[in-house]
């Protein structure tokens, strides 16, 4: 399955998109206002995307934001994939530890 399609399978795709958007923006020393100036996308929308309040930004909005950061879309998607994989592993580990603790207490 192509990786870009795999990302859509994750329920928290929007949350991951927003997290990665914020990571790149902060790494580049940009404010939400700076990104607004580059894209024309309102700061309130950028804020809602970064916080995960907007979970599924429109494709055009997502592309404009990534381009506004000056990041290659493939690089951005790869980082989203790594973040999604990382989150999945953390969730599995926390579930596994919780199940082990419950089993040990019986």
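The values are calculated or read from the model by the stated rules, or taken from the named source; none is laboratory data. Quick caveat: nothing in here was measured; it's all calculated off a predicted structure. All Cβ positions, glycine included, derive from the backbone under ideal geometry; neighbour counts span all protein chains shown.
Among residues of the range 27-56 that are without any contact (Cβ under 8 Å) to a residue 40 or more places away in the chain, those with a Cβ under 8 angstrom from a residue that is surrounded by fewer than 12 Cβ atoms within 10 Å (Cβ to Cβ) and not in a helix (DSSP H, G or I), sequence gap 6+ or separate chain, pair up as 36/42.
Tell me, please, whether a residue that is modelled with pLDDT of 95 or more and on the phi > 0 side of the Ramachandran plot can be found in the range 41-56. Checked the range 41-56: no residue is modelled with pLDDT of 95 or more and on the phi > 0 side of the Ramachandran plot.
For the range 57-92, residues that are in contact (Cβ under 8 Å) with a residue 12 or more places away in the chain and in contact with a helix residue (DSSP H, G or I) (Cβ under 8 Å, 6 or more places away or on another chain) total 19.
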